[in-house]
1. Here is a check on your reading of the model: is Ile97 open to solvent by 40 Å² or more (accessible area, probe 1.4 Å), among the hydrophobic types (A, V, I, L, M, F, W, C) and either modelled with pLDDT of 95 or more or over 19 Å from Gly61 (Cβ atoms) (or both)?
2. Quick one: which residue in Arg91, Arg109 is open to solvent by 60 Å² or more (accessible area, probe 1.4 Å) and touching a residue at least 24 places away in the same chain (Cβ under 8 Å)?
3. Regarding the stretch 72-83, can at least one residue be identified that is under 15 Å from Trp32 (Cα atoms) and either outside any strand (DSSP E or B) or open to solvent by less than 10 Å² (accessible area, probe 1.4 Å) (or both)?
4. Restricting attention to the stretch 44-63, report how many residues are open to solvent by 60 Å² or more (accessible area, probe 1.4 Å) and farther than 20 Å from Cys127 by Cβ.
5. Filter the stretch 125-148 down to the residues that are open to solvent by less than 10 Å² (accessible area, probe 1.4 Å), in contact with a strand residue (DSSP E or B) (Cβ under 7 Å, 6 or more places away or on another chain) and not β-branched (Val, Ile, Thr) and list them by number.
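The values are calculated or read from the model by the stated rules, or taken from the named source; none is laboratory data. Fair warning: this is a prediction, and the values are worked out from it, not measured in the lab. When we count neighbours, we look across all protein chains shown, and the Cβ atoms used for this are built from the backbone with ideal geometry, even at glycine. We work out accessible area using only protein heavy atoms, side chains counted, and drop any ligands, DNA or RNA first. Shrake-Rupley method; radii C 1.70, N 1.55, O 1.52, S 1.80 Å.
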Amino acid sequence: MIRAPLCMILALLIAAATGASAPVSAEGGWNWPVGAPHPIIRPYIAPETPYSAGHRGIDIGAGASTEVKAPAAGVVHFAGTVVDRPVLSIRHSGGLITSYEPVTSALARGDPVAQGEIVGELQPGHCSVSCLHFGVRLDGEYVSPLNYLGAIPRAILLPTRKP
């Protein structure tokens, strides 16, 4: 049977195209960092190489909301300014680090955060409308945050011919 190897190759190609480095499910129960609705203003665009152009996260429209919440429990990895923007990063289990900008926070490195806890306040300036840039790194490599928010539908392979 050659179908199983072809299915595996197809799954790996889909994962590479979406920026996933490993199969991920939404069963972990991550929350969106801003309130609904969650329009994606700019999607994740995987760079061809670690130093190539790309968009290493998603820009989520925030509407009038300014509260930014932790999508999962973790520990503050970084809270401060990078170049000219306030940035917050949270380390989660499984080699994951999430980043949020432009977000000011009273939290400091090492502070624990609970899932759903307000971790900062969204500041203007990243998009032409109010938006949050949300990034996810898995073992140091950027991946699509949608993998963890349950926004990428599970692929269903259909038969190519009738039995």
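1. In short, no.
2. After ruling out the rest, the residue left standing is Arg109.
3. yes
4. 4
5. Residues satisfying the conditions are Cys131, Leu132, Phe134, Gly135, Pro145.
Each row is one residue, and each column tells you yes or no for (1) in a loop (DSSP other than H, G, I, E, B); (2) closer than 21 Å to Gly140 by Cα.
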residue: Asn31; (1), (2): yes, no
residue: Gly35; (1), (2): yes, no
residue: Ala53; (1), (2): yes, yes
residue: Gly63; (1), (2): yes, no
residue: Ser89; (1), (2): no, yes
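A quick yes/no check of all residues on (1) open to solvent by 80 Å² or more (accessible area, probe 1.4 Å); (2) modelled with pLDDT under 95; (3) in contact with a Phe, Trp or Tyr (Cβ under 7 Å, 6 or more places away or on another chain):
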| position | (1), (2), (3) |
| --- | --- |
| Pro86 | no, no, no |
| Ser105 | no, no, no |
| Ile118 | yes, no, no |
| Leu158 | yes, yes, no |
